[in-house]
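Trainee: There's a structure below that I have some questions on.
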Amino acid sequence: MSVYRVIDVVGTSATSWEEAAREAITTAEGSLHDLRVAEVAKQDVVIGEDGTLVFRTRIQLSFKYTPE
């Protein structure tokens, strides 16, 4: 039997929501292990004063919980 923990992470990208999600997962992999499922919870775009767009994707990321 396994236990999983779920956390929210937000990734950003200048090109797409998909790239923002990829960035969030890639960054999380640096400190979390046994990642299982990433579910998109929200997507939005920040519009800069100069018209630049920043795509943001918030995902719920689950990973296997291993007590220390």
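The values are calculated or read from the model by the stated rules, or taken from the named source; none is laboratory data. Being a predicted model, the structure only gives us computed values, none of them experimental. As a convention, Cβ positions derive from the backbone with ideal geometry for all residues, glycine included, and neighbour counts pool all protein chains shown. We work out accessible area using only protein heavy atoms, side chains counted, and drop any ligands, DNA or RNA first. Shrake-Rupley method; radii C 1.70, N 1.55, O 1.52, S 1.80 Å.
Trainee: How high is the relative contact order of the chain, in percent, counting Cα pairs under 8 Å that sit 6 or more residues apart?
Mentor: Details: 137 pairs, mean separation 30.5, N = 68.
Once divided by the residue count of the chain, the mean separation gives 45 percent.
Trainee: Most mobile of Glu49, Glu23, Glu39 per a Gaussian network model of the chain (Cα springs, under 10 Å)?
Mentor: It is Glu49.
Trainee: Ignoring everything except DSSP H segments at least 4 long, calculate the 222 nm mean residue ellipticity for the chain; use -39,500 (n - 2.57) per segment, divide by total residues, nearest 500.
Mentor: Numbers: 1 runs with 13 residues, N = 68.
Rounded to the nearest 500, it is -6000 deg cm²/dmol.
Trainee: Dipole size in debye (nearest 20) for the chain around its Cα centre, Lys and Arg Cβ +1, Asp and Glu Cβ -1?
Mentor: Values: 7 positive and 11 negative charges, 62 e Å.
Result for the chain is approximately 300 debye, rounded to the nearest 20.
Trainee: Then there is this: Taking only protein heavy atoms into account and a 1.4 Å probe, give the accessible area per residue of the chain in Å². Could the numbers behind the result be given before it?
Mentor: On the way: 5080 Å² over 68 residues.
Using a 1.4 Å probe on heavy atoms only, each residue of the chain averages 75 Å².
Trainee: Once neighbouring chains are kept in place and the probe is 1.4 Å, which whole percent of the accessible area of the chain is contributed by carbon and sulfur?
Mentor: Numbers: 2560 of 5080 Å².
Carbon and sulfur together cover 50 percent of it.
Trainee: Specify the residue with the greatest mean-square fluctuation among Thr26, Thr57, Thr12, computed from a Gaussian network of the chain linking alpha-carbon atoms under 10 Å apart.
Mentor: Comparing Thr26, Thr57, Thr12 in a Gaussian network model of the chain, the most mobile one is Thr26.
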